[in-house]
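For reference, the structure discussed in these notes is given below.
Every read-out reported here was derived from the displayed coordinates using simple, explicitly stated rules and does not represent laboratory data. These figures come from a predicted structure and were not determined experimentally. Note: ideal-geometry Cβ built from the backbone for every residue, glycine included; neighbour counts use all protein chains shown.
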Amino acid sequence: MTHENPAQLDTPAMRQYKAVKEQYPQYILLFRMGDFYEMFYEDAKTASRVLGLTLTARSKGPTAVPLA
């Protein structure tokens with residue numbers, strides 16, 4: 001049995017999100033996904049709490065990604 005690195009399961013868009021977020025960790029990043037803007041991980045949790053947005057999650061592989 002092989003164990004995949006979770007980073008290997010990322011989509012190209014999620015890899016791009018993580019690269020931009022790494023450059024600007026102090027800001028909430030709104031990432032355009034089609035016609036919408038989404039926030040992920042801690043940004044989604046913060047926006048949900050501060051702005052009263054519904055926090056959801058998307059599962060891809062073994063972990064769920066929080067998003068708002």
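Report, to the nearest 10°, how far helix 41-51 tilts away from the longest principal axis of the Cα atoms in the chain, using its own Cα long axis and a range of 0 to 90°.
So the helix axis and the longest Cα principal axis differ by about 20 degrees.
Distance in nm between label sites at E42 and T11, each 7 Å beyond Cα in the beta-carbon direction?
So the two model labels end up 2.4 nm from each other.
Check which residues have an amide H placed less than 5 Å from V65's amide H, if you skip close sequence neighbours.
R58, S59, K60
To test your reading of the geometry: what angle, between 0 and 90 degrees and rounded to tens, separates the Cα axis of helix 12-23 from the longest principal axis of the chain?
60
Of (1) 5.1; (2) 5.7; (3) 4.1, which one was derived for mean projected area of the Cα convex hull in nm² from the structure shown?
Read-out taken from this structure: (1).
Starting from the 7 Å offset along Cα-to-Cβ, what nm value, one decimal, do you get for the label separation of A64 and L51?
2.1
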